[in-house]
Structure formats: structure tokens, C-alpha cells
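Asks: Below is the structure I would like to discuss, written out as C-alpha cells.
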Amino acid sequence: MTVAAIALGANLGDRLATMRAAVEQIRDLGTIVNISSVYETDPVGYLDQPAFYNLVLLLKTNLAPEAVMTGLLAIEADLGRVRTFANAPRAIDLDLLLYGDEIRESLSLTLPHPRMHERAFVLIPLAEIAPDMVHPRLKMTVAELRNLLPEDGSVRVTCHGVETLG
């Protein structure tokens, strides 16, 4: 079994309900071993859109990383994700951040996620549940990467703990 880190984000509709539904469907891909708090975050890239809810979960799985990614894309489609343009508003966004210590680059999957180390909305929730997880390319822990980010207030805890997501 491999531990994968998966980021969830939503900024359209009932964000929390959509994230709950995504978590329930992710359970079909393996065993969820930890879920961060939910954070409200300012949009990145395209700024003329509502704030996001974000969280990160850890999934223990026997599936290959490509199969996990295929499953995540199917969940996005099921929950109403429509891809229009980069950084557009979305009902749900699921990103495979890490898959054990795998390093991969293909047309369908890059591991670790190529921008995760730049994103407070990923590193802050991931550091909450897995501060000692190591980025396999950068050879730094998630906590070390988080500490390199400027503190700008763009990521704010909204709901503490897994009870929020049932």
C-alpha cells in the first residue's frame, strides 16, 4: 500500500457539500487515513472569482498512481467540474500531490505535483496532517516547504477536523 496526498478545492455552489461528496467517492480508491481542516483561500491566478475551500487528505491505496488520477478525474466529472480556462472557478478540483516517493513525468501525470511547493493552500493543510512527509524532488519536508512561504493571510482555517466532512 502507498500513501498518496490529494488536494481538494471548490469555489462554486455548496463548497462544503461538494467536498464531502468528493471525500466519499475518494474512499472507493483506498483508505483515507487523515483529513486536514478546511481552509478558505483567496483565488490564485484568475482573481475575479469567489474564495475557495481547500483541504488535503491522505489516502492509503493499492492502485497505481495513474489509476488514482483517473479516479480523481472521474469524481471531478461526476461532481460537475467543467474545464473552461486555467484557474477558472470550479465546482471541485482534485489534485494528486504526492504518491509515496514516486517521481514521474508523463503526458497524463506529473509527480510530485509540479506547483505544490509554491502553494500555501496546499502546503498549509498538508503540513497540518503530514508535516514530516518529504517532497521527493526537493528533499524537504512539507513543514520546511510551508515555512518558506510568505505569511500573507490568503489561507484561513474555516472548519477544524474531520468531523466537518463526516
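Asks: Go through ALA143, ALA91, ALA86 for me and flag whichever is surrounded by 15 or more Cβ atoms within 10 Å (Cβ to Cβ), of a type in the set (Gly, Ala, Ser) and within 19 Å of ASN11 (Cα to Cα). Let's see the steps before the verdict.
Replies: Details: ALA143 fails: within 19 Å of ASN11 (Cα to Cα); ALA86 fails: surrounded by 15 or more Cβ atoms within 10 Å (Cβ to Cβ).
Checking each option against the conditions leaves just ALA91.
Asks: Let me ask another. Can you run down the residue pairs with Cβ atoms below 8 Å, 6 or more apart or on separate chains, where the first is in region 25-44 and basic (Lys, Arg) and the partner is surrounded by fewer than 20 Cβ atoms within 10 Å (Cβ to Cβ) and outside any helix (DSSP H, G or I)?
Replies: Here the result reads none, with nothing in region 25-44 linked to a residue that is surrounded by fewer than 20 Cβ atoms within 10 Å (Cβ to Cβ) and outside any helix (DSSP H, G or I).
Asks: Further question on the same structure: Among the residues of region 4-48, what is the count of those that are within 14 Å of LYS60 (Cβ to Cβ) and surrounded by fewer than 18 Cβ atoms within 10 Å (Cβ to Cβ)? Before the answer, list the steps.
Replies: As a first pass, look at region 4-48 and keep what is within 14 Å of LYS60 (Cβ to Cβ): 4-6, 26-35.
Adding the requirement that they be surrounded by fewer than 18 Cβ atoms within 10 Å (Cβ to Cβ) leaves 27-28, 31, 33-34.
So the count comes out to 5.
Asks: In contact with a Lys or Arg (Cβ under 7 Å, 6 or more places away or on another chain) and free of Cβ contacts under 8 Å to residues at least 60 places away in the same chain: which single residue out of THR110, THR84 fits that description?
Replies: Values: THR84 fails: in contact with a Lys or Arg (Cβ under 7 Å, 6 or more places away or on another chain).
One residue alone meets the criteria, THR110.
Asks: Against the definition (of a type in the set (Lys, Arg) and at pLDDT 95 or above), how does ARG90 come out, yes or no?
Replies: Values: of a type in the set (Lys, Arg): yes; at pLDDT 95 or above: no.
Judged against the criteria, ARG90 is not a match.
Asks: Something else: Restricting to region 74-106, give me the number of residues that are assigned to a helix (DSSP H, G or I) and within 30 Å of THR141 (Cβ to Cβ). Before you say what the answer is, go through the steps one by one.
Replies: Keep residues of region 74-106 that are assigned to a helix (DSSP H, G or I), which gives 74-78.
Of the ones still in play, those that are also within 30 Å of THR141 (Cβ to Cβ) are 75-76.
Counting residues in region 74-106 that are assigned to a helix (DSSP H, G or I) and within 30 Å of THR141 (Cβ to Cβ) gives 2.
Asks: Before we move on, is PRO50 over 20 Å from ALA127 (Cα atoms) and touching a Pro at 6+ places or on another chain (Cβ under 7 Å)? Outline the logic, then answer.
Replies: On the way: over 20 Å from ALA127 (Cα atoms): yes; touching a Pro at 6+ places or on another chain (Cβ under 7 Å): yes.
Yes: the conditions hold for PRO50.
Asks: Sticking with this one: Taking the stated definitions as given, is THR61 farther than 26 Å from ARG156 by Cβ, modelled with pLDDT of 95 or more, touching a Gly at 6+ places or on another chain (Cβ under 8 Å) and among the β-branched types (Val, Ile, Thr)? Please lay out each step first, then the result.
Replies: Working: farther than 26 Å from ARG156 by Cβ: yes; modelled with pLDDT of 95 or more: yes; touching a Gly at 6+ places or on another chain (Cβ under 8 Å): yes; among the β-branched types (Val, Ile, Thr): yes.
The answer is yes for THR61.
Asks: With LEU149, LEU138, LEU111, LEU123 as the choices, which residue is more than 22 Å from LEU59 (Cβ to Cβ) and either touching a Pro at 6+ places or on another chain (Cβ under 8 Å) or of a type in the set (A, V, I, L, M, F, W, C) (or both)? Give the steps one after another, and end with the answer.
Replies: Numbers: LEU138 fails: more than 22 Å from LEU59 (Cβ to Cβ); LEU111 fails: more than 22 Å from LEU59 (Cβ to Cβ); LEU123 fails: more than 22 Å from LEU59 (Cβ to Cβ).
Result of the check over LEU149, LEU138, LEU111, LEU123: LEU149.
Asks: Return the pairs, sorted by first residue and then second, in which the second residue is of a type in the set (Ser, Thr, Tyr), the first residue lies in region 53-81 and is over 20 Å from ALA130 (Cα atoms), the beta carbons are less than 6 Å apart, and the residues are 6+ apart or on different chains.
Replies: The qualifying pairs are LEU79/THR18.
Asks: List every residue pair whose Cβ atoms lie under 6 Å apart, where the two residues are 6 or more positions apart in sequence or sit on different chains, the first residue falls within region 9-23 and is of a type in the set (Val, Ile, Thr), and the second residue, located anywhere, is surrounded by 17 or more Cβ atoms within 10 Å (Cβ to Cβ) and not in a loop (DSSP other than H, G, I, E, B).
Replies: Matching pairs, first to second residue: THR18/ALA10; VAL23/LEU165.
The values are calculated or read from the model by the stated rules, or taken from the named source; none is laboratory data. Small disclaimer: the values here were computed from a predicted structure and weren't measured. For neighbour counting, all protein chains shown are included, and Cβ atoms are generated from backbone atoms with ideal geometry for every residue, glycine included.
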